[in-house]
Amino acid sequence: MSDGAAKKGFGEKPQPKEEKPRKFQAIRGTRDLLPPETALWNRVEQTAHEVFATFGFGEIRLPIFEQTELFARSIGTDTEVIGKEMYTILDRASESLWREIYELYEAFPHPSVSRDYSAFVSRLIAFVKRVEDALAGGDTPATERNIAAFEDLKEIYRRAQEFSTPDEGRRPTIQADWGALINRLLSWRNTLDFEENLSLRPEATASVCRAYIEHNMQQLPQPVKLYYLGPMFRRERPQKGRYRQFYQIGAEVLGGSDAPAIDAEVIEMVMTFFDRLELQGVQLDINSIGDKNCRPKYVESLRAELLKVKDKLGPDSQRRIETNPLRVLDSKLESEQGIIAKLPHIADHLCEDCAAHYAAVKHQLEMRGVIYRENWRLVRGLDYYMRTTFEITAEGLGSQNAVCGGGRYDGLVELLGGPPTKGIGFAIGEDRLILSLQESGKAPAQQGRDVYIAWMGERAQATAIRAAKDLRKAGFRVELPPVEQKFGKALGQADKLGAKYALILGDNEVSEGLWTLKTLADGSQQKLTEPQLLDFLRKL
Ligand code: HAM
């Protein structure tokens, strides 16, 4: 026994190693939202609930993570979001199954040691049953590959069973076969997909479509109108108005119709919301990017034109000539602007149906008094869009000035295995919206208190607690200091907290039943009974 162990005594737990204090910071691109700013966030969200409800939208709350494949299919693998910005984790669904294979391997009797295979074979059949249950219960994904692997496992079991009744004369062969079988079992482990890729959602349109299909919403009265609020995650380079965890307020309309009035009403709704918030410098840009009949031809002519000027383009645009020529139109690079201005416009390449749809959307916007600007370069960065696309900018945001983006995505629900469905929606970047409101002075002032209760003495504390309870019940914001303070200090504190009134409760006030209320703005004082105090404050 070592000296240390002798001193501590037997059975005594070793002391944990003392950890040095360490400071932590929020992860780059994420941030804490603090009061009083959170009051503005709440006001914005409350307004969204109210305005969207008046348009017949209901709230949907979605999971923060989904299968990576859902986002990859919807948004497109060649997009920046999927290509490099997703936070993806490998979720090992059935860790215990994974471990059990090793245990089985270790329990495997070597023919040179024992010829009793029956215990092993019964463990193996129990394992086969466990895999079957895991597949049926969804703990292990029931992919084609996993179902084939399960068949293979059953075959390994059948072969193992044959060894349970070995023929003495075949011993060397058995030894070789037995070895081959155990290796087969071990490598079998790699044929099963225990793992699944999950990603933090970079946006929510794909999830809404997934939910629409999963809950058979096509059976509800159409169209289905849903909205959502919450955090999204993209591994972008952080800067003002661009975060890795940011917040969106979005809405989607899904159903059988692609009537242009639906597009216009969705846009009208978001403009009404911004109007209600008094967002400044709002600019709506719209475009149509055609559909699968006309867009491919346009993309080809764009590519042909871009190839002619390839040398004059930057590396990003050069790459996009191959991957996604439409995105070249998005370029903010000064040196490319003159070249882009001369490229063909999609409006001249729309098929008849798309052109008619676009004209009708514009007409519907005009009927609603929504002011827009046509922007032929507005293409959006996600693959699911077709026909109508739009973006809204606001003032005070610098280069990241898009406060809302949206568009039509007919066919996305089908791509995700659902019935033929039309869809349109938008998402507002809530962080940017808040930033713009703050820049234009639309943020509410520091959240103050209505009444600060300055109390002194044990009896006064009891009265103060009761007064605080009654005032709070009547809806006033009350600060009740936890410990006694000299009146001078209490009044100073009340001032710092932005209180409107100080209610002074000392021995005199309590015994007289007359409380002193001081108006902090002008220093005036008045004596009031308890009911008079409530009356007085209520009338303000
Ligand atoms: P999006 O254009 O990728 O569209 O994002 C919409 C808005 O989210 C942007 O205009 C911007 O305000 C905000 N946003 C995006 N990334 C960031 C970031 N890193 N930091 C801060 N704000 C950001 C979509 O997400 C589509 N799902 C919109 C939609 C809904 N289309 C149809 N339905």
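The values are calculated or read from the model by the stated rules, or taken from the named source; none is laboratory data. No experiment lies behind these values; they were computed from the predicted model shown. No Cβ is skipped: glycine too gets one built from the backbone with ideal geometry, and neighbour counts run over all protein chains shown. Note: areas computed on protein heavy atoms with side chains; ligands, DNA, RNA excluded. Shrake-Rupley method; radii C 1.70, N 1.55, O 1.52, S 1.80 Å.
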(request) Multiply the residue separation of PHE536 and THR54 by 0.36 nm, subtract the distance between their alpha-carbon atoms, and state the gained length in nm to one decimal. (result) 169.9 nm
(request) Sort largest first and round to whole Å: the equivalent ellipsoid semi-axes of the range 258-356, each the square root of five times a Cα gyration tensor eigenvalue. (result) 30, 20, 10
(request) Holding the Cα-Cα limit at 30 Å, pick out from LYS469/LYS489; LYS297/LYS362; LYS225/LYS297 the pairs that are longer than that. (result) LYS225/LYS297
(request) List the residues whose amide H sits under 5 Å from the amide H of ASP410, counting only those 5 or more places along or on another chain, with H placed 1.01 Å from N in the peptide plane. (result) MET386, GLY423
(request) Send over a whole-number figure in Å² for the accessible area per residue of the range 365-484, probe 1.4 Å. (result) 43
(request) Give the Debye-formula value of log10 I(q)/I(0) at each listed q (0.20, 0.21 Å⁻¹), with one equal scatterer per alpha carbon of the range 79-133, two decimals each. (result) -0.79, -0.83
(message) Per residue of the range 17-22, what does 6.51 cos²θ - 1.76 cosθ + 1.60 with θ = phi - 60° give for ³J(HN,Hα)? Whole Hz please, x for Gly and Pro, Karplus curve as stated.
(response) 5, 6, 8, 6, x, 9
(request) Specify whether the C-alpha gyration tensor of the range 212-304 places it in the rounded, prolate or oblate class, a ≥ b ≥ c being the square roots of the eigenvalues: rounded for a/c under 1.5, otherwise prolate if a/b is larger than b/c and oblate if not. (result) rounded
(request) Binning at 10 Å from 0, report for the range 385-454 what percent of all alpha-carbon pair distances ends up in each bin. (result) 18, 28, 21, 17, 10, 4, 1
(message) Can you list residues from other chains, or at least 5 along the same chain, whose modelled amide H is less than 5 Å from the amide H of ILE289?
(response) ARG387, THR388, THR389
(message) Starting from the 7 Å offset along Cα-to-Cβ, what nm value, one decimal, do you get for the label separation of GLU512 and HIS110?
(response) 9.8
(message) Give me the net charge for the shell around ALA502: Cβ to Cβ below 14 angstrom, other residues only, Lys and Arg +1, Asp and Glu -1.
(response) +3
(message) Given 37 °C and 0.692 mPa s, compute D for the chain with the Stokes-Einstein relation, Rh being the Kirkwood radius over Cα pairs; round to the nearest whole µm²/s.
(response) 110
(request) Give the share of C-alpha pairs in each 5 angstrom bin for the range 186-237, from 0 to the last occupied bin, in whole percents, shortest bins first. (result) 4, 13, 18, 15, 12, 11, 11, 9, 4, 2, 1
(message) What number does the range 296-339 give for Rg over Rh if you use C-alpha atoms and the Kirkwood radius?
(response) 0.92
(request) Using the 4.7 Å Cβ rule, please list in number order the cysteines from the chain without any candidate partner. (result) CYS209, CYS354, CYS404
(request) Sum up the charges of everything whose Cβ sits under 15 Å from the Cβ of ILE262, counting Lys and Arg as +1 and Asp and Glu as -1, but leave ILE262 out. (result) 0
(request) Starting from the Cα gyration tensor of the range 292-414, take the square roots of the eigenvalues, sort them a ≥ b ≥ c, and report rounded, prolate or oblate (rounded when a/c is under 1.5, otherwise prolate if a/b is larger than b/c, else oblate). (result) oblate
(request) Per residue of the range 269-277, in order, report the coupling 6.51 cos²θ - 1.76 cosθ + 1.60 (Karplus, θ = phi - 60°) as ³J(HN,Hα) in whole Hz, putting x for Gly and Pro. (result) 5, 5, 5, 5, 4, 5, 4, 4, 7
(request) Rounded, prolate or oblate: pick one for the range 340-465, where a ≥ b ≥ c are the square roots of the eigenvalues of its C-alpha gyration tensor, a/c under 1.5 means rounded, and failing that, prolate if a/b is larger than b/c, else oblate. (result) prolate
(request) Taking H placed 1.01 Å from N in the peptide plane, check which residues at least 5 places from ASP193 or on another chain put their amide H under 5 Å from its amide H. (result) ASN146
(message) Taking 20 °C and 1.002 mPa s as the conditions, I'd like the Stokes-Einstein D for the range 135-277 in µm²/s, using the Kirkwood hydrodynamic radius from alpha carbon pairs.
(response) 102
(message) Test of understanding: extend the Cα→C-beta vector of LEU62 to 7 Å, then name every residue of the range 417-450 with backbone N under 18 Å from that spot.
(response) 417-419, 421-431
(message) In whole Hz and in residue order, list the ³J(HN,Hα) couplings for the range 145-161 that follow from phi through the Karplus curve 6.51 cos²θ - 1.76 cosθ + 1.60, θ = phi - 60°; x for Gly and Pro.
(response) 4, 6, 5, 5, 5, 5, 4, 5, 5, 5, 5, 4, 4, 4, 5, 4, 4
(message) Sorting check: for 84-90, 343-349, 249-255, which peptide has the highest mean count of neighbouring beta carbons within 10 Å, and how do the rest follow?
(response) 249-255, 343-349, 84-90
(message) With +1 on the Cβ of every Lys and Arg and -1 on the Cβ of every Asp and Glu, and nothing else charged, how large is the dipole of the chain about its Cα centre, in debye rounded to the nearest 20?
(response) 1380
(request) Using only the alpha-carbon atoms of the range 442-540, report the extent along each of the three principal axes, biggest first, to the nearest angstrom. (result) 46, 28, 25
(message) Taking 0.36 nm per residue of sequence separation and subtracting the Cα-Cα distance, how much length would be gained by fully extending the chain between LYS342 and GLU300, in nm to one decimal?
(response) 13.5 nm
